[in-house]
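Taken together, the values in this text are just the output of simple stated rules run on the coordinates, not laboratory data. All figures in this text were calculated on a predicted structure; none of them were measured in a lab. Glycine also receives a Cβ, built like all others from the backbone with ideal geometry; neighbour counts cover every protein chain displayed.
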Amino acid sequence: MTLKSMVSNNNTLNPWTPQDEGDHYPIVKEWWTIETIFKTLEDNKKWNFMTIISYKMKPPGSFFQYTLFDINSKKCILRKDIDAEIEKLHHEKNKVDLGYEDSTVKGLYPDYDVNIIDKEKNFQIDLKLKAKSLPHWVAQEATEGKLPIGLNYYKYGFIPNCDLSGRMKLKNNDYTIKGKGYFEHIWGNWSYENPLQVVSGIKKTFSTYLNLGKWWLSNHKPKIPDKIKFTTENDVSGYDWIWGIFDNDWSLFYGNVMFWVSEGPAFGVLSITPDGKNYWDFCNINFHYNKCIYVKNYDIFIPSDLEISGKLNDKKIYLHFWLTTDSYEYIDPFKKKGFYKAFILGEMPGQVEGAYEDSEKKIDLKGDCKMMPLRQPSILGHNSLCFKFIKPPKGFGLDIDLNSHYLKKKFLTKIHFAPRPKIKCDIKKLKEEEF
């Protein structure tokens, strides 16, 4: 196979090489993820299955996870999260060849076989993924898939639209399955426990920040927003992540690096492919959380219902994502005491609706999605700062709302110059039951 393989009957290049698909051991962190949404043909029920296989070098270890959501019953019915010795994970270079105990993931674009076996829970799922879309790097135009995290960076690629078939054994029942799948591969030198740790690739990290910044600014006209909100849990150590597949077979990837913003401009990318060959990478994006889940033990909120809107040349898109089952939060407390307390990854199957339009047409969109917000709660807990800008013709002024769980106080300041001058400041003490 050549390094730049061709898709049949199409002159578009596959940006992945076999070296990209195989392992990059001994890099600090690397993982492969498969997401699926499918129906069991025998009973027409809808399911979401996800698996992650990964390793890390600091300290050495491997990680195997799967979750199975019964979307009709609105709950996660099976899950397994295993931290183990690094030697327990098998991986190869120049191809996807992963093994953890009896479970395997194998293949090379466009075909992948996923076989997950859990004898303890009498569960087995055998999947065949056939890619309908080309692989794509996140921010492919700006950085060819390199994304910063703290003072480090990682490389991120995905395939958002795969046809899915296979079989599932669950509680002595055998099912035939058919649906859609998503595949991603990520690797880099960074640490979730210490994202500000300086590593040898710091020059590439800053050049990545610079390239992303130039790309972001080139897609944004300077303007004062109506509202912008910041929260402590939305710092650079976390992200919002969504995969979606529409009824018309369009697919999407949304990834947002937070930079403390919880409402306003997104510092990420929304990638839409209508045909599997061409990708529209929206960078001019705004987002808003409608609902959040409160994780009380760590005093943070993670989004479960959000809206995003984006512009790219003459293209405009609006999307609404919401959770349709109970959520599952994977929580991994950090062993060492420090500023960050834990790694929290939410799993949220849901639905998406919206609309796309350009200079020639308007298309309504509807489909399924999977949201996976990542947060790393800190010792500060939840604190928010919101600026609301009052602009002509409504007036001229600024409202500032500071809500601090750490200080257990709420501050509200109004500074209005027009139509009537007004300055007001209120301070209220917060009780824990108000969190």
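Observations on the structure shown:
- Ratio of the Cα radius of gyration of region 121-161 to 2.2 N^0.38 Å, where N counts its residues: 1.71
- Distribution of pairwise C-alpha distances over the chain, 10 Å bins, in %: 4, 20, 31, 27, 12, 4, 1, 0
- Cross-link check: pairs K58/K203; K227/K315; K221/K316 evaluated at a Cα-Cα cut-off of 18 Å; pairs beyond the cut-off: K58/K203; K227/K315.
- Each part gets one Cα centre, and for region 9-86 versus region 373-432 those centres are 40 Å apart.
- Our helix-only sum for the chain, with -39,500 (n - 2.57) per DSSP H run of n ≥ 4 divided by its residues, gives a mean residue ellipticity at 222 nm of -1500 deg cm²/dmol.
- Cβ crowding within 10 Å, taken as a proxy for footprinting-reagent exposure, orders E30, E35 from fewest neighbours to most as E30, E35.
- Kirkwood radius for region 219-378, taken over all pairs of different Cα atoms as the inverse mean of 1/r, rounds to 16.4 Å.
- Kirkwood-based Rg to Rh ratio, region 383-434, C-alpha trace: 1.10
- Sorting the segments 366-376, 13-23 by their residues' average number of neighbouring beta-carbon atoms within 10 angstrom, most packed first, yields 366-376, 13-23.
- Of the residues S309, G381, F321, the one whose Cα sits farthest towards the positive end of the charge dipole of the chain is G381 (charges of +1 on Lys and Arg Cβ, -1 on Asp and Glu Cβ, taken about the Cα centre).
- Shape call, region 247-308: gyration tensor on alpha carbons, a/c limit 1.5: prolate
- Most to least packed among 136-142, 393-399 [average Cβ atoms within 10 Å]: 136-142, 393-399
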